[in-house]
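Comments concern the structure below.
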Amino acid sequence: MGILIDKNTRVIVQGMTGRSATFYAELAMRYAPGTYVGGVRPGKGGSQHLGLPVFDTALDAVAETGADASMIMVPAAYAADAMIEAIEVEIGLIVCVTERIPTLDMLRVKAALSGSSTRLVGPNSQGVLTPGACKIGVMQTGDARPGSVGIVARSASLTSEIVALTNAGGLGQSTTIGIGGDPIHGIGFAECLALFKDDPQTKSIVLIGELGGVEEEAAADYLAAESFSKPVVALLVGRHAPEDRRMGHAGTLATLGSGSIEQKGAILEAAGAKLARSPDEVVGLLTS
Amino acid sequence: MWCTIRQSGKPSTVNRDVRTAKGDQMFLQEAEAKKILGGFGIALPRGGVADNGIAGGGVAAMLATEKLVVKALIRAGGRGLAGGIKFADGAVQAGAATDALIGQTLVTAQTGPKGECVRSVYIEEALHFDTALFLSLLIDQRNARPTLMASIAGGMDFEENARKAPQLVQKYALERDGAHNPAELAAFLANVGVEEAHIASVCSVIEALVKAFFDTDARLIEINPLALMPDGGAVAIDAKIVLDDNALFRHPEFEALSHNVHLDPSELIAQRNEINFVKMEGDIGLVTNGAGLGLATYDMVVEHGGAPANFMDIRTTATSFQIARGIGLLIEDPAVNVLLVNIHGGGMTACDLVVGSLGFAYQRSTRKPPIVFRVAGHNADWARRMMDDKDLPHHHAGSMTEAVAMAVKLSKGAA
C-alpha cells in the first residue's frame, strides 16, 4: 500500500533525455522494474531512451502507455508549461523535481490545477518513494525498507536521515514525500496527513518542517480539526537560524500567516504532535 | 559602526547565475525600486542619488528647495528607526548629512546583526502630507493568490505597530493573473480608511503596482508610506521591491542591478561553487549538504553550547573541487578551530566525493583544524575508510548527536 504511488503506478518522465533526468530515471527504473513506461521530449518523439519509447507530448505518452504519473525534470524556464500539459491530460500524479521555477509561473500552474483531479508534488521536490514498490524522484534509496512510518518533509537531506534512522529502528517506511522547498507548490503537509490517515500500512507519521512558509500551520489546523489517532512526530529545523536571513530554501518568515519556528512547534504540539529536537530523537518518540 | 568602502572601478564579472546571499530573491534599495515604479507611472518626490557630500550638496541644489530628506540606501527596511534617515535645510546641510551617513553600517530590524554598509544616499524634497498609507503586494502562500495588504497606519513605525496590532492591516486577494473588480477594490480601500477624495488616486497607484508586479516578476512590492496629498494625489515616499531571482533569466534589464548586490566575499565564492553559505561569527565550521540537514546541524550545535562559524548547504550539483572551495573558506578563516562534517550521501553527492574535497582543501591550506567526520547514506562506509587512508586530522562519529557533542568539546578545548 503506502500512499500516492505503489507497484502498479505507471510513470512517464517529462524531459527524459536531459543529463540529470537520464541519471535519475535510470536509478528509479532499476529500483522498481516495470514502473516506468515512457518519456516525453518535444522533437524526439518516436525514438527510444533508456529502452523506453519517447513521445513529443504528454498527451501522446499517456495515450500510448496508459501512464498515470509523471516525473518532471524539465529546465526551469519550461517546467510550468510541462506541468500544465500534464494537468490538461488529467494525469493522476505529477512529481516536479525541477528547482528555481519563477513564482509567477507557479501561479499559472495553480490556476490550471484548480478543479482538476491531478495531484502535484513539488516543484523543487526530491519526490515520492514507496519503498520496494515505486520511486518517482531523486532520493537516496539505500536505507529505505517497506514499513510503517509515513514521512512528509520540506527537506530531502533530512528525509534521507529519518529514513536511515527509522530503518535502523526496525520500523521502515510506508511512503516518503518531499512537498518541495518553494513557496508556491502542490500538495502540502495537511493533504499528506489525510492520505496517511486512510492508509492501513502507515502506523505513524514523521513531519519534517522548517522555518518560513505556512505548511506547519496548515498541518496543525488539520490535526486540530480531525480525530487523528496515528502518532505524529514533528521535527522542525531552523530554530537558531537568524530570523532575517534566508538560508537555502528555508523560506522567509515575514510572509502572510507564517509564524516563528517556536510558534509552529507550539501549535503542532497543541494539536497533538510530539516535537523532536533532533533527528536522533525521532525513533524514540515514534515508539514511545 | 563604520565600514570600509572599496573603490570599485567596474563591476566584478558576476555572471547571471550568481544568486544573492538571501537565496532566491533580489532585494532592491529605494532608488532602484523608485526607478521601476516611476516607469509605471507612480508619482514620486523629486530626488537623486549621491555617494559623497559634495555630490549630495549638488543634488540638493538642483532640487532647489529648502526642506530635504537624506536617506541611506540599503537593501533592508527599518532604517528610519536605525538613524538612516536625516532631515536637512538646504544644500549645505544635505551635503553634511550625506557625509555623515556614507560609510556607516546600519543595523536595522531587517539587516541581521552584521548590518549593512551605506554606500550611497537618496536625497529628495520633503513633502507635507496628512495621511500615510501602507501598501504591499505579494503572494499569499495559503491560497497562492497575489494579495494586496493595506493599512492607514503607514509610516516609519508601521512594522512595529502592525506587529502589536495586526488588525491595522487588511488584505484583499486578487485573481491569479492580477485581475480584480475596480468597485470591490474601491470598497476595500474605503474600509481600510482611505477617504473618498483619495480613492481614485490610490486605485490608480494600485493598478500600476499590479502591472509592475507581473511585468517585473516581483516577489514583493511595498510602498510605505504612500503620502495622500491635500490635492487628492498620492505620492510614493518610500518603496521596496523584492525581485524573483528565479525569473531573472527573462529580465536582462535587471542584470545590472545584480552587480550592485554587495555580498560577503566568502558568500560570493561559495555561490559560484554551487554552495549556499551564510557566514556567522562562531568557531565551528559546518560542512553539510541540503538545507534541512544544514539547519538541523546548526540547531544542534547551538543547543549543545557551540558556536557555528557558518551555515552550509552543498547543492547536489556541486563537484568535488567546488566543495573543496567551500571547505577552504572555512579552514582559511582564523576563527574556525574545528570542522564538523555531516553529510548524508545521496543524489550526485556521495560521501566519498566530500572526502576527496577535504583532501584537496587541506592540501592547499596551512591551517589544519581537526575534523569531526560523520557521514551516512550513499558510500558512507567507503568514505570512512578513505578518511583513514588520508593524512587528515579526524575523529569518526556515529550519530549526529555524537558528532555535534564532539565538535563542541573540541572547539572549547581549542579556545
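Things to note:
- Both radii are taken from the alpha-carbon atoms of chain A; with Rh as the Kirkwood radius, Rg/Rh is 0.96.
- Ellipsoid fit via the Cα gyration tensor, the stretch B:312-366: semi-axes of 19, 11, 9 Å, each the root of five times an eigenvalue, largest first.
- Averaging 1/r over every pair of different alpha carbons in the stretch B:46-126 and inverting the result gives a Kirkwood radius of 12.1 Å.
- Relative contact order (%) - criterion: Cα under 8 Å, at least six apart; region: chain A: 14 percent
- Computed log10 I(q)/I(0) for the protein assembly as shown at 0.10, 0.11, 0.12 Å⁻¹: -1.01, -1.20, -1.37, from the Debye equation with unit scatterers placed on every C-alpha and solvent omitted.
- The stretch A:139-287, Rg to Rh (Cα coordinates; Rh as Kirkwood inverse mean 1/r): 0.94
- Residues A:Met1, B:Met149, B:Met300, sorted so that the one with the fewest Cβ neighbours within 10 Å comes first: A:Met1, B:Met149, B:Met300
- Length, then width, then depth: along the principal axes, the Cα atoms of chain B run 79, 49, 40 Å.
- At least 24 Å along the helix axis (C-alpha) and Kyte average at least -1.0, DSSP helices within chain B: B:196-216
- Ranked by the mean number of other Cβ atoms within 10 Å of their residues, highest first, the peptides B:336-347, A:188-199 come out as B:336-347, A:188-199.
- Packing-based ranking, highest mean first, of A:60-73, A:40-53, A:149-162 given that Cβ atoms within 10 Å are counted: A:149-162, A:60-73, A:40-53
- The stretch A:139-287, relative contact order [Cα under 8 Å, separation at least 6], %: 24 percent
- DSSP beta bridge pairing in chain A, given as percent antiparallel to the nearest 5: 20 percent
- Hydrodynamic radius by Kirkwood, which averages 1/r over all alpha carbon pairs of the stretch A:89-216, in angstrom: 14.8 Å
- Descending semi-axes in whole angstrom, ellipsoid equivalent of the stretch B:283-351, from the Cα gyration tensor: 20, 15, 8
- Shielding of B:201-214 by partner chains, average beta-carbon count, 10 Å: 0
- Near A:Gly142, once Lys and Arg are set to +1 and Asp and Glu to -1 for all other residues with Cβ below 14 Å from its Cβ, the sum equals -1.
- By the count of other C-beta atoms within 10 Å, a proxy for reagent exposure, A:Ser20, B:Ser357 are ordered fewest to most as A:Ser20, B:Ser357.
- Number of partner chain Cβ atoms within 10 Å, mean per residue of B:307-316: 3
- Residues whose amide H lies under 5 Å from that of A:Leu120, counting only those 5 or more places away or on a different chain, are A:Ile94, A:Ile187; hydrogens are built 1.01 Å from N in the peptide plane.
- Beta bridges by DSSP in the protein assembly as shown, antiparallel share as percent, to the nearest 5: 55 percent
- Cα point-scatterer Debye curve for the stretch B:337-415, base-10 log of I(q)/I(0) at q = 0.11 Å⁻¹: -0.26
- Chain B: relative contact order in percent, alpha carbon pairs under 8 Å with at least 6 residues between: 13 percent
- With coordinates expressed along the principal axes, the C-alpha atoms belonging to the stretch A:11-121 extend over 35, 27, 26 Å, beginning with the largest.
- Remark: the stretch A:227-232, residue by residue, has Karplus-estimated 3J(HN,Hα) of 8, 10, 8, 7, x, 10 Hz, where x stands for each Gly or Pro and the curve is 6.51 cos²θ - 1.76 cosθ + 1.60 at θ = phi - 60°.
- Dividing the convex hull volume of the alpha carbon atoms of the stretch B:265-414 by its residue count gives 89 Å³ per residue.
- Peptide A:159-166 shows a mean partner chain C-beta count of 5 within 10 Å per residue C-beta.
FYI, it's all coordinate maths here, none of it is from the lab. Keep in mind it's a predicted model, so treat the numbers as computed, not measured. Neighbour counts run over all protein chains shown; Cβ positions are idealised from the backbone, glycine included.
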